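A.B. asks: Please see the structure below; I have some questions.
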Amino acid sequence: MARVVVDVMLKPEILDAQGQAVQRALPRLGFDGVVGVRQGKRFEVELDGPADEAALERVRAMAETLLANTVIEEFTVKAEV
Amino acid sequence: MSSSTSQRFTVDTVETAAATPDTEQPFTALGVKDDEYARIREILGRRPTSCELAMYSVMWSEHCSYKSSRVHLRQFGEKAPETDFLLVGPGENAGVVDVGGDLAVTFKIESHNHPSYVEPYQGAATGVGGIVRDILTMGARPIAVLDPLRFGPADAHDTHRVLPGVVGGIGGYGNSLGLPNIGGEIVFDPCYAGNPLVNALAVGVLRKSEIKLAQAHGSGNHVVLFGARTGGDGIGGASVLASATFDDGKPSKRPSVQVGDPFMEKVLIECCLEIFAEDLVVGIQDLGAAGLSCATTELAAAGLQTKGVGGMDVQLDLAPLRDASLAPEEILMSESQERMMAVVAPATLPRFREICEKWDVTATVIGAVTDTGRLRMTWHGANIVDVDPRTLAHQGPVYERPYHRPAWQDALQADTPDRLARPKTGDELRETVLRMVASPNLADKTWVVEQYDHRVRGNTVLAHGEDSGMLRLDEASGLGIALATDGNGRYTKLDPYHGAQLALAEAYRNVAATGARPLAVTDCLNFGSPEDPEVMWQFAEATRGLADGCLILGTPVTGGNVSFYNQTGESAIHPTPIVGVLGVIDDVTRRTRCAFAAEGETLLLLGETRDEFGGSEWAHVEHAHLGGLPPRVDLERERLLAEILIAGSRDGLLSAAHDLSDGGLIQAVVESALRGGHGVRLVLPEGLDSFVALFSESAGRAVVAVPRGEEQRFTELCGARGLPCARIGVVDGDAVEVEGEFAIPLTELRAAHTGTFPGLFGQ
Amino acid sequence: MAARIGVVTFPGTQDDQDALRAVARAGAQPVPLWHRDPALHAVDAVILPGGFSYGDYLRAGAIARFSPVMQAVIAGAADGLPVLGICNGFQVLCESHLLPGALLRNGGMHFVNRDVKLRVESAATRWTAHYEPGQEIVIPIKNVDGRYTAAERTLDELEAEGRVVARYLQNPNGSARDIAGIANAQGNVVGLMPHPEHAIDELTGPYPGPATDGLPFFTSILKQLVDA
């Protein structure tokens, strides 16, 4: 059993309305000094085998196909230890 | 896996319970009173097992048993008007009324007040989900929702947490179900700070022959649990939510939040409707408050009650879980959403399963109907429940709570608004109008209702901004229904009996104003603690008023909900009965809108205007005053007004109609003028003070626009029936002008009226 | 024989009944299509209606793209099958790469249900032939993920090739270049955020109106199919 984490974020050039809404809310709550907030998604993919390079490649394919929309999003894949 | 899971719990079996009578049980923490616990022991002839105790605690809670309200609610049956259209009355999941042809309509209102204060988005969302499942359970396709809401002051910090969450939750869940949201109200008052009211009304349509009931009969039939898996949502919520106030400082009383999955519910609705269409269930029940405890006992008890024979065996360990660590007591109390229970004959089970598979809905046989008269449950072979289900479902405690008229009631009624300074000059009246139309309760609510889908399903004829929501049921004939909800906490505080009748009268009038014939009522009775004799008096008076009113208007109460304990510390909310009225219209193309849409039409004021400002919006906005008596109620007059409005709509005599209520004549005129984009010139009736004419909230009134050519016919109709009818002006220009007093351009009115919500809650 | 226009139902689709009604109102034969069924049942055109397919839980339209029916729609679109994606259907078309770009959360963050004014920019698609170029119409929007976005280069291409089908006169959600709908290069695939199927009837359409400005989307395709 291994867990692979896929983080999906909007590409930097895409307006992140949700992140901006959070950023606007923070100073109202007294949290100053925040110059940017971006919101993304984290997927925890549980595998039945080890998180070897082949498995990571498979998860990258998953991310490419379904988890992320590469038109607007980018992703990173890493094995969790 | 499952065997190791079962070993994690020391299961309290029926045999253990019989052998260990002296084991101390935490019944007090579950909200069970000493005498109630003694009765449970008497019923069982032993102490309850821990699972049985869990079931009794939730089934005998205020929320499920109506133990404090039942003696008063009986009046709705005892005083019910004689009708031939009521197919299912109170007591089932929702009432069903015959609307003509082979169609029937089922509708009901419920509260989700406390959960919506704790977690506004999920509380409101699961409130919609729960009432929609009640409608579905009757065998109906849900076709619309309405949401009457009450919040603390519009500018209060906490309101800015609660309102956007509640509105988001209602929209997020309802829109994802594909259900149009066609009405409701939003009212702010300091009394609701800390106790917002989030009521939800759902309506569904079905063929008369297809009504489904929550009954388990036919020994050997399967008991099927389907829909979402069971998790730890809202465990103990049913009793704890409805019986605890938030200031008692016991974290254990804090409910755990239920989280809704509208996608699952949407799929479940379509799946159930296919199952119903093929007549594959003997009985069906949704899982709401008290979850599996409630569904199993109600199905089994109803089967026994109606057939005289029945019973149910359940293998609780077969219930599919989202969280494998749940104990059987927790499974029984879980309020996980989007679950249903059906009784299915063996011959139809394969087809039932096929339809569930089509919709990717998990369906699990967890038990069977028996003829033992008992509800028995096992957990990995151990007997954990063995009860007569009727003792849980129907034989709960009934309280005759003491009540008395509050000592302060006389002083409150004596403190009339007569002493309040009134605007006198034209300029003062003008400024008052602008402040009133911009005040949160009277301001335009587009900011909120734009977040709701009112169009989906394509049958919405009228929605927000009109006097009632209206839906087309039959495209060929034009048959339709109208629904309105109303309730005025201030009026009810001043006089609970007449306040409840005023809520009924307003909803009734709103339905009639659109041209529909009011037929039946559902009510959500929101009150403080029933343990407070003064609150209990308010409740007793309000239910008596409502029952008497429904008898006079010929509109039976078909079902509803009681929400007690809406209070913070010693201070209860204003007693707030919300009344929903359902009407029927033979041809929706005849409906009447409230907009003044054509220049040159005559404006007529129907009904009598008196100097009535007790509990008025004017006293509230301009003086923060609440005292005196609410407007006089004349239900015979309401009936007559409704008949005229319906006849005017049917015969094409009216081009617009708008009921007069909060804010009085001027508020109604401004709304109709802005909606239609046409100004008006008003000439107020002789002998009536301008301020009274414009702002009084006398009941039994409406303003109508009549095409020139129909004016005589319509006024003769009113004259013949004895309904006061006064010509008060004409649709004309681009300002609201009151002759001799003031004129306000529509642009200025629109800015004032529509600017409030975006200003308060953001663009 | 009347033209057959298919309307796909995914689990979570909401406006399928409305699209079927609009098709019938235009005079075509409505054909319900099911997401698991890869057969298109000899339809002459396909509508992907609004709603929240599969709950829109991953991204709007992301899971619907992989359904069996979409494999057939994608293949058909390449051969010229007319396809109209409305709201969630537009999102599915973008996820399927039948149309460029993507739909993101509205600028105001909320679900917005509003009658909006549009300008029809192109009458050269299979679905808009009955409009005049430049015609201003009123159609409702109702969505939470309605903000059209694409790379600048793609937007320039859409403009240059006349593939912007409709634009908002008052942008309700922050869509790039006020875009409300676009077409593919061949003009057979159109994605539209507003809901023309909710503007086909005086009784239920936008108030105070005009109430039936959406109908030409459905009559356009019918005319073309009959003429073909």
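A.B. asks: How do the helices (runs of 4 or more DSSP H) wholly within segment B:589-689 filter down when requiring 1 or more residues that are in contact (Cβ under 8 Å) with a residue 12 or more places away in the chain and within 14 Å of chain C (Cβ to nearest Cβ): which remain?
C.D. replies: Per the criteria, B:664-676.
A.B. asks: Sort out which residues of segment C:170-199 are within 14 Å of chain B (Cβ to nearest Cβ) and surrounded by fewer than 24 Cβ atoms within 10 Å (Cβ to Cβ), and write them in order of number.
C.D. replies: Those that are within 14 Å of chain B (Cβ to nearest Cβ) and surrounded by fewer than 24 Cβ atoms within 10 Å (Cβ to Cβ): C:170, C:171, C:172, C:174.
A.B. asks: Would you check which residues across segment B:494-520 are over 18 Å from residue B:646 (Cα atoms), touching a Leu at 6+ places or on another chain (Cβ under 9 Å) and among the aliphatic types (A, V, I, L, M) and list them?
C.D. replies: Result: B:494, B:500, B:503.
A.B. asks: For residue B:733, which of the numbered conditions (1) in a loop (DSSP other than H, G, I, E, B); (2) farther than 27 Å from residue B:635 by Cβ; (3) in contact with a helix residue (DSSP H, G or I) (Cβ under 7 Å, 6 or more places away or on another chain); (4) not hydrophobic (A, V, I, L, M, F, W, C) fails to hold?
C.D. replies: (3)
A.B. asks: Can you confirm whether residue B:589 is closer than 16 Å to residue B:649 by Cβ and of a type outside the set (Asp, Glu)?
C.D. replies: Yes; evaluated as a whole, the condition is true for this residue.
A.B. asks: Additional query: How many residues does segment B:510-534 hold that are free of Cβ contacts under 8 Å to residues at least 60 places away in the same chain and aliphatic (A, V, I, L, M)?
C.D. replies: Of the residues in segment B:510-534, 0 are free of Cβ contacts under 8 Å to residues at least 60 places away in the same chain and aliphatic (A, V, I, L, M).
A.B. asks: A further question follows. Can you name every residue in segment C:185-218 that is of a type in the set (Phe, Trp, Tyr) and under 18 Å from residue C:123 (Cβ atoms)?
C.D. replies: C:217, C:218
A.B. asks: Picking from C:106, C:113, which residue would you name as being over 24 Å from residue C:157 (Cβ atoms), of a type in the set (S, T, N, Q) and within 14 Å of chain A (Cβ to nearest Cβ)?
C.D. replies: Selected residue: C:106, the only one of C:106, C:113 that is over 24 Å from residue C:157 (Cβ atoms), of a type in the set (S, T, N, Q) and within 14 Å of chain A (Cβ to nearest Cβ).
A.B. asks: Moving on to the next point. Which number in (1) under 14 Å from the mean Cα position of the chain (by Cα); (2) within 14 Å of chain B (Cβ to nearest Cβ) marks the one condition that residue C:98 misses?
C.D. replies: (2)
A.B. asks: Applying the selection to segment C:146-169, what residues are within 14 Å of another protein chain (Cβ to nearest Cβ) and part of a strand (DSSP E or B)?
C.D. replies: Once the filter is applied, which keeps residues that are within 14 Å of another protein chain (Cβ to nearest Cβ) and part of a strand (DSSP E or B), segment C:146-169 yields C:147, C:148, C:149.
A.B. asks: Surrounded by 24 or more Cβ atoms within 10 Å (Cβ to Cβ) and of a type outside the set (Gly, Ala, Ser), is that true of residue B:732?
C.D. replies: No.
A.B. asks: Hey, another quick one. So residue C:56 clears everything in (1) more than 15 Å from the chain's Cα centre (by Cα); (2) modelled with pLDDT of 95 or more except one condition, right? Which one?
C.D. replies: Result: residue C:56 passes all but (2).
A.B. asks: Checking residue C:75 against (1) in contact with a Phe, Trp or Tyr (Cβ under 9 Å, 6 or more places away or on another chain); (2) surrounded by fewer than 22 Cβ atoms within 10 Å (Cβ to Cβ); (3) hydrophobic (A, V, I, L, M, F, W, C), which single condition isn't satisfied?
C.D. replies: Unmet for residue C:75, out of (1) in contact with a Phe, Trp or Tyr (Cβ under 9 Å, 6 or more places away or on another chain); (2) surrounded by fewer than 22 Cβ atoms within 10 Å (Cβ to Cβ); (3) hydrophobic (A, V, I, L, M, F, W, C): (1).
A.B. asks: Restricting attention to segment B:446-476, which residues are free of Cβ contacts under 8 Å to residues at least 60 places away in the same chain and either surrounded by 23 or more Cβ atoms within 10 Å (Cβ to Cβ) or within 28 Å of residue C:24 (Cβ to Cβ) (or both)?
C.D. replies: B:458, B:475, B:476
A.B. asks: Quick check on my filter: what residues within segment B:91-108 are farther than 16 Å from residue B:471 by Cβ, of a type outside the set (D, E, K, R) and modelled with pLDDT under 90?
C.D. replies: Answer for segment B:91-108, where residues must be farther than 16 Å from residue B:471 by Cβ, of a type outside the set (D, E, K, R) and modelled with pLDDT under 90: B:91, B:93, B:94.
A.B. asks: Select from segment B:573-588 the residues that are in contact with a Lys or Arg (Cβ under 7 Å, 6 or more places away or on another chain), more than 14 Å from chain C (Cβ to nearest Cβ) and among the hydrophobic types (A, V, I, L, M, F, W, C) and list them in ascending order.
C.D. replies: B:584
A.B. asks: State which residue pairs qualify: first residue within 13 Å of residue C:18 (Cβ to Cβ) and inside segment C:182-201, second residue of a type in the set (S, T, N, Q) in any location, beta carbons under 8 Å apart, and separation of 6 or more residues or different chains.
C.D. replies: C:198/C:204; C:199/C:212; C:200/C:212; C:201/C:212
A.B. asks: Another question about this same structure. Anything in segment B:441-464 that is in a loop (DSSP other than H, G, I, E, B) and either under 17 Å from residue C:195 (Cβ atoms) or at the interface with another protein chain (Cβ under 7 Å from one of its Cβ atoms) (or both)? List them, or say none.
C.D. replies: Of everything in segment B:441-464, those that are in a loop (DSSP other than H, G, I, E, B) and either under 17 Å from residue C:195 (Cβ atoms) or at the interface with another protein chain (Cβ under 7 Å from one of its Cβ atoms) (or both) turn out to be B:450, B:451, B:452, B:453, B:454, B:455, B:456, B:457, B:458, B:459, B:463.
A.B. asks: Are any residues in segment A:27-56 part of a loop (DSSP other than H, G, I, E, B), surrounded by 11 or more Cβ atoms within 10 Å (Cβ to Cβ) and within 14 Å of another protein chain (Cβ to nearest Cβ), and if so, which ones?
C.D. replies: A:37, A:38, A:39
A.B. asks: State the number of residues belonging to segment C:41-95 that are within 14 Å of chain B (Cβ to nearest Cβ) and without any contact (Cβ under 8 Å) to a residue 12 or more places away in the chain.
C.D. replies: Qualifying residue count, segment C:41-95: 3.
A.B. asks: Quick one: is residue B:723 touching a helix residue (DSSP H, G or I) at 6+ places or on another chain (Cβ under 8 Å) and farther than 28 Å from residue B:622 by Cα?
C.D. replies: yes
A.B. asks: Do we have residue C:17 as free of Cβ contacts under 8 Å to residues at least 12 places away in the same chain and under 16 Å from the mean Cα position of the chain (by Cα) here?
C.D. replies: Here the answer is yes, as residue C:17 does meet what is asked.
A.B. asks: Quick check on segment A:10-26. Is at least one of its residues within 11 Å of the chain's Cα centre (by Cα) and either in a strand (DSSP E or B) or surrounded by fewer than 17 Cβ atoms within 10 Å (Cβ to Cβ) (or both)?
C.D. replies: Yes, segment A:10-26 has at least one match.
A.B. asks: Now, a different point. Hey, can you tell me all the residues within segment C:205-224 that are part of a loop (DSSP other than H, G, I, E, B) and among the aromatic types (Phe, Trp, Tyr)?
C.D. replies: Answer for segment C:205-224, where residues must be part of a loop (DSSP other than H, G, I, E, B) and among the aromatic types (Phe, Trp, Tyr): just C:207.
A.B. asks: Another question, then. Considering only residues that are in a helix (DSSP H, G or I) and farther than 11 Å from residue B:522 by Cα, which ones fall in segment B:547-559?
C.D. replies: B:547, B:548, B:549, B:551, B:552, B:553
A.B. asks: While we're looking at this one, here's another question. State all residues of segment C:38-72 that are surrounded by fewer than 20 Cβ atoms within 10 Å (Cβ to Cβ) and over 15 Å from residue C:4 (Cβ atoms); if no residue qualifies, say none.
C.D. replies: C:38, C:55, C:57, C:58, C:66, C:68, C:71
A.B. asks: Please pick out the residue among B:14, B:88, B:32, B:58 that is modelled with pLDDT of 95 or more and among the β-branched types (Val, Ile, Thr).
C.D. replies: One residue alone meets the criteria, B:14.
A.B. asks: Is it fair to say residue A:59 is crowded, with 16+ Cβ neighbours inside 10 Å, more than 13 Å from every other protein chain (Cβ to nearest Cβ), assigned to a helix (DSSP H, G or I) and not charged (D, E, K, R)?
C.D. replies: yes
The values are calculated or read from the model by the stated rules, or taken from the named source; none is laboratory data. The model shown is predicted, which means the values in this text are computed figures rather than measured ones. Cβ atoms come from the backbone with ideal geometry, glycine included; neighbour counts cover every protein chain shown.
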